[in-house]
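Everything on this sheet refers to the single structure shown next.
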Amino acid sequence: MSMERLFGRPVSEGIAIGRILFYYNSDLSITVSHISDPEKETARYHEAVKLSEKQIDELYLKAVSEIGEANARIIEVHKMILLDQDLEDLVTGFITKEKINAESAVVSATGVLCERLRAVEDPLFAERVSDIRDISSRIVRNLLGGTKAACETDDPYVLVAEDLNPSDIFGFDREKLSGLVIKNGSANSHVAILARSLGVPALVQTDIFKSFNGKYAVVDGNRGELIIDPTEELLSGYRELLVRQEAEKELRKKVIGQPDVTSDGKKILLYASINDDSDLDSVLKNDAAGIGLFRTEFLYLKYDRYPTEDEQFAVYRSVLEKMKGKTVVMRTCDIGLDKTKDYLELPKEANPALGYRGIRMSLDRPEIFITQMKAMLRAAAYGKLSVLYPMVISIEEIKRLKRLTSLAKEALDDEKKEYGQIRQGVMIETPAAALISDLIAAEVDFISVGTNDLTQYTLAVDRQNPETETLFDREHPAIYRLMKMTVDNGHKMGIPVGICGEIEIDGEHIRKLIETGFDEISVPPAYILPVRQMIRQSRLI
Ligand code: PEP
Ligand code: MG
């Protein structure tokens, strides 16, 4: 056992120590290999099915407590597919007749099952196919020995994967997740954003090997290092650093309850950005002035079908109730790009970033938008809700969104359901929106700059592409000009202007944002206290 050090790109700071859980993705290419002992291979398959069954049972219990028994039934469907006799016959058939390894046999067998579904033109085709794919990748992961070691301990673990989709994260125990290392990925992808909001140290663009699974490791999210099998000496250094990190966190708690005001008296509303209602504990603990961005599409990623109005209402209401009258900005579903699930049946596009995402989907599928809006309006009776529309490029879109919102109110009136007042706002995250921000500001109650997409579209740099990451510069003068124009236009129309995309957690950058004139800044919950310190230390003149 010798220590190995690998360098990666740090995207979420901090130190994590734990055992590696190597995650095999569903699209991992499985190599077909010919085997000589079909009995042994069949036994491997049965072992993997047994382990999958145990995991699904555990997942069921967790899902019942998180999303309720009725919704957790989908997991029972997974179990039925797993234990289906047809699947077993097909897999063992492939192993014994074709003499191929169990992994390839599972992929081939589930392929046959999907083909059969297609042939009978089952209306639930897409949903079923996605369930079968899920089961296929679970069995394959277990065959490859992926999840076993780390999942069976109660210790913190470091999740290592070639690629990770935002929806994958929800399948893991987030309590025990201490670090994240991804081979591909970029600093601006939603997985990186998720890591920052969970406060988990993370690296992307790091060389990883399957042999890492189960090994002890350190993730240094400050310097960008993954250390496998660290020596006792190095480990004790890192343990000391962890203690210091905790002590710093304690020290930061001193600013809890302090106002978010610069040393020369400019007041800022410091909000938290969240992706899931489970982030709320951290929002409250870190005492944010409100929620500046709730990315509601992550709720859609938790399901294997569209969440219903009542299911959404329950989540939105609980967020508003817990925030006790403080502002909560909920963004309408911004599906697309890296945030997708099979049931959404998004088109295959050459340029998804320039394609079907955000309100483009909402306007194309108005029934989905209206369902969400009804849930939000009902929840608005329990707090102070602002609704934010993503990916807007024109006034016509805003008018259509407002019409749909009126239809949602009319439907609630007809159904005699109570609802509250909302403020409506638009994200300024396309250059078009920034350039017509005067016209947009005349239509809405507030606007909020999404720096991630605004940077991507203004600089023509794909936020997901590691090759062009060095060009992704949120501090480019073009971005500052567009932000300044947006802030001034908003203020001319007498509405507040916020910034809810990612920002550099750096005193000078934050000072410049305040100088630009933003009224509200929204950051991941873990950054509330450091940013408060920076705001309090900054001086504009
Ligand atoms: C943004 O684009 O800056 C933003 C806040 O939205 P997201 O990162 O979810 O696209
Ligand atoms: Mg965006």
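The values are calculated or read from the model by the stated rules, or taken from the named source; none is laboratory data. Predicted model only: the values in this text are computed from it and were never measured. Cβ placement follows ideal geometry from the backbone for every residue including glycine, while neighbour counts extend to all protein chains displayed.
LEU459 versus (1) surrounded by fewer than 21 Cβ atoms within 10 Å (Cβ to Cβ); (2) under 19 Å from LEU194 (Cβ atoms); (3) within 14 Å of ligand 1 (Cβ to nearest atom): which is the lone unmet condition?
Unmet for LEU459, out of (1) surrounded by fewer than 21 Cβ atoms within 10 Å (Cβ to Cβ); (2) under 19 Å from LEU194 (Cβ atoms); (3) within 14 Å of ligand 1 (Cβ to nearest atom): (2).
State whether one or more residues within segment 444-465 are more than 16 Å from ligand 2 (Cβ to nearest atom), at pLDDT 95 or above and assigned to a helix (DSSP H, G or I).
There is no residue in segment 444-465 that is more than 16 Å from ligand 2 (Cβ to nearest atom), at pLDDT 95 or above and assigned to a helix (DSSP H, G or I).
Mind checking which residues of segment 396-436 are more than 16 Å from ligand 2 (Cβ to nearest atom), among the hydroxyl-bearing types (Ser, Thr, Tyr) and buried (at least 18 other Cβ atoms within 10 Å of the Cβ)?
Listed by number, the residues that qualify are THR405, TYR419.
Return yes when VAL106 is crowded, with 20+ Cβ neighbours inside 10 Å, at pLDDT 90 or above and part of a helix (DSSP H, G or I) and no when it is not. If you could, list the steps in order and put the result at the bottom.
Values: crowded, with 20+ Cβ neighbours inside 10 Å: yes; at pLDDT 90 or above: yes; part of a helix (DSSP H, G or I): yes.
Yes.
Which of the residues that make up segment 405-439 are part of a helix (DSSP H, G or I), more than 16 Å from ligand 1 (Cβ to nearest atom) and of a type in the set (A, V, I, L, M, F, W, C)?
From segment 405-439, those part of a helix (DSSP H, G or I) are 405-414, 431-435, 437-439; that's our starting set.
The next check asks that each one be more than 16 Å from ligand 1 (Cβ to nearest atom); those that pass are 405-414, 435, 438-439.
If the condition is that a residue be part of a helix (DSSP H, G or I), more than 16 Å from ligand 1 (Cβ to nearest atom) and of a type in the set (A, V, I, L, M, F, W, C), then LEU407, ALA408, ALA411, LEU412, LEU435, LEU439 are the ones that fit.
What about ARG223, is it surrounded by fewer than 17 Cβ atoms within 10 Å (Cβ to Cβ) and in contact with a helix residue (DSSP H, G or I) (Cβ under 6 Å, 6 or more places away or on another chain)? Steps first, please.
Numbers: surrounded by fewer than 17 Cβ atoms within 10 Å (Cβ to Cβ): yes; in contact with a helix residue (DSSP H, G or I) (Cβ under 6 Å, 6 or more places away or on another chain): no.
The answer is no for ARG223.
For residues that are away from ligand 1 (no atom under 15 Å from the Cβ) and either assigned to a strand (DSSP E or B) or more than 26 Å from the chain's Cα centre (by Cα) (or both), tally how many sit in segment 487-506.
So the count comes out to 10.
Here are some conditions: (1) within 16 Å of ligand 2 (Cβ to nearest atom); (2) assigned to a loop (DSSP other than H, G, I, E, B). MET483 meets all but one. Which one does it not meet?
So the condition that MET483 fails would be (2).
Quick one: ARG511 ticks every box in (1) surrounded by fewer than 20 Cβ atoms within 10 Å (Cβ to Cβ); (2) within 16 Å of ligand 2 (Cβ to nearest atom); (3) under 22 Å from LEU270 (Cβ atoms) except a single one, so which number is it?
Among (1) surrounded by fewer than 20 Cβ atoms within 10 Å (Cβ to Cβ); (2) within 16 Å of ligand 2 (Cβ to nearest atom); (3) under 22 Å from LEU270 (Cβ atoms), the lone unmet condition for ARG511 is (2).
Is there any pair linking a residue in segment 495-522 that is closer than 16 Å to ALA478 by Cβ to one that is within 16 Å of ligand 2 (Cβ to nearest atom) and part of a helix (DSSP H, G or I), with Cβ under 6 Å and at least six apart or on different chains, and which?
Note: pairs meeting the criteria are GLY501/THR451; GLY501/ASN452; THR516/MET483.
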